[in-house]
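Asker: Sharing a structure below in structure tokens format, with a few things to ask.
The values are calculated or read from the model by the stated rules, or taken from the named source; none is laboratory data. Predicted, not measured: the structure shown is a model, and the values here were computed from it. Positions of Cβ are backbone-derived with ideal geometry, glycine not excepted, and every protein chain shown enters the neighbour counts.
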Amino acid sequence: MRSMTITAIEAINGRRTIRQFTARVPSRDEVETILTAAVLAPNHRLTQPWRFFVLGAEARYAYGMALGNRKAKKIEDVAAAERMRRTVAEEHAALPMMIAVGMTEDANLEIREEDYAATMMAVQNLSLAAVSLGLGTHIKTGAIMQDPAARAATGVPEGERIVVVLNVGEPATVPPAKERKSAASLTTWMP
Ligand SMILES: Cc1cc2nc3c(=O)[nH]c(=O)nc-3n(C[C@H](O)[C@H](O)[C@H](O)COP(=O)(O)O)c2cc1C
């Protein structure tokens, strides 16, 4: 495990959405470290709603196939549609690691909303812990989260929500920071 001693601020400043990874597969130790950081997120009522599904190559291929199928539906040419399905599936199988983050869905709306917020905080903990290990993450969401084939591929059971799917690995390239509004321009100091 390549461990760097960096501060939380350095991890926050250094985190980027990583779209290109090296072939190195994160070790089990590294995965356990970032998941352990995830479950330390703040959590009202300590409901611990988060669930993690570490996808192996087969599961990644199946998830990619689900995504590829959605893209292929927009393509008329049968052969081109089939190429799209296969390409997206193979791209996902080739990723160093994917983690699907699920959450339990409480019947109470207020608890469910808080649980969703807490699960996202867990995702941020995971992402920052990854940076501290020299790894990077790419958060993925969208309509695919509701796709039955994607659900089957991730292993997230019925009754749980798929919150995000994360690509995780060693960055091959780290993009520059995106321009953002300054905190000062978005802050009101009330007397
Ligand atoms: C809730 C959430 C959902 C996201 N979903 C996607 C996605 O579906 N596809 C994608 O390419 N990036 C996705 N991202 C990543 C954002 O595009 C990225 O964070 C943003 O461009 C800022 O870049 P940075 O993370 O490098 O600062 C998502 C981020 C968040 C927080």
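Asker: It is to be established whether one or more residues within the stretch 32-40 are in contact with a Gly (Cβ under 8 Å, 6 or more places away or on another chain) and at pLDDT 95 or above.
Answerer: No, there is no match, as no residue in the stretch 32-40 is in contact with a Gly (Cβ under 8 Å, 6 or more places away or on another chain) and at pLDDT 95 or above.
Asker: Among the residues in the stretch 49-66, are any away from the ligand (no atom under 16 Å from the Cβ), touching a residue at least 60 places away in the same chain (Cβ under 8 Å), surrounded by 15 or more Cβ atoms within 10 Å (Cβ to Cβ) and more than 17 Å from the chain's Cα centre (by Cα)?
Answerer: Within the stretch 49-66, one or more residues are away from the ligand (no atom under 16 Å from the Cβ), touching a residue at least 60 places away in the same chain (Cβ under 8 Å), surrounded by 15 or more Cβ atoms within 10 Å (Cβ to Cβ) and more than 17 Å from the chain's Cα centre (by Cα).
Asker: Taking E32, is it in a helix (DSSP H, G or I), surrounded by fewer than 18 Cβ atoms within 10 Å (Cβ to Cβ) and more than 16 Å from the ligand (Cβ to nearest atom)?
Answerer: Judged against the criteria, E32 is a match.
Results for (1) over 16 Å from the mean Cα position of the chain (by Cα); (2) under 19 Å from R24 (Cα atoms); (3) within 16 Å of the ligand (Cβ to nearest atom), shown as yes or no for each residue.
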site	(1), (2), (3)
V78	yes, no, no
R85	yes, no, no
V88	yes, no, yes
V101	no, no, yes
V123	no, no, yes
L135	no, yes, yes
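Asker: Can you confirm whether T5 is part of a helix (DSSP H, G or I) and either touching a Cys at 6+ places or on another chain (Cβ under 6 Å) or more than 16 Å from the ligand (Cβ to nearest atom) (or both)?
Answerer: It is false that T5 is part of a helix (DSSP H, G or I) and either touching a Cys at 6+ places or on another chain (Cβ under 6 Å) or more than 16 Å from the ligand (Cβ to nearest atom) (or both).
Asker: Picking from P157, P148, which residue would you name as being farther than 20 Å from E10 by Cα, touching a Gly at 6+ places or on another chain (Cβ under 9 Å) and either free of Cβ contacts under 8 Å to residues at least 60 places away in the same chain or within 13 Å of the ligand (Cβ to nearest atom) (or both)?
Answerer: Criteria check complete, one pass: P157.
Asker: How many of the residues in the stretch 124-161 are of a type outside the set (D, E, K, R), surrounded by fewer than 21 Cβ atoms within 10 Å (Cβ to Cβ) and closer than 25 Å to A66 by Cβ?
Answerer: Of the residues in the stretch 124-161, 14 are of a type outside the set (D, E, K, R), surrounded by fewer than 21 Cβ atoms within 10 Å (Cβ to Cβ) and closer than 25 Å to A66 by Cβ.
Asker: Could you list, in sequence order, the residues of the stretch 154-191 that are outside any loop (DSSP other than H, G, I, E, B) and either of a type in the set (V, I, T) or under 23 Å from E30 (Cα atoms) (or both)?
Answerer: Once the filter is applied, which keeps residues that are outside any loop (DSSP other than H, G, I, E, B) and either of a type in the set (V, I, T) or under 23 Å from E30 (Cα atoms) (or both), the stretch 154-191 yields T154, I162, V163, V164, V165, L166, N167, V168, G169, P171.
Asker: Given the conditions (1) within 16 Å of the ligand (Cβ to nearest atom); (2) closer than 21 Å to V54 by Cα; (3) hydrophobic (A, V, I, L, M, F, W, C), which single one is not true for V174?
Answerer: (2)
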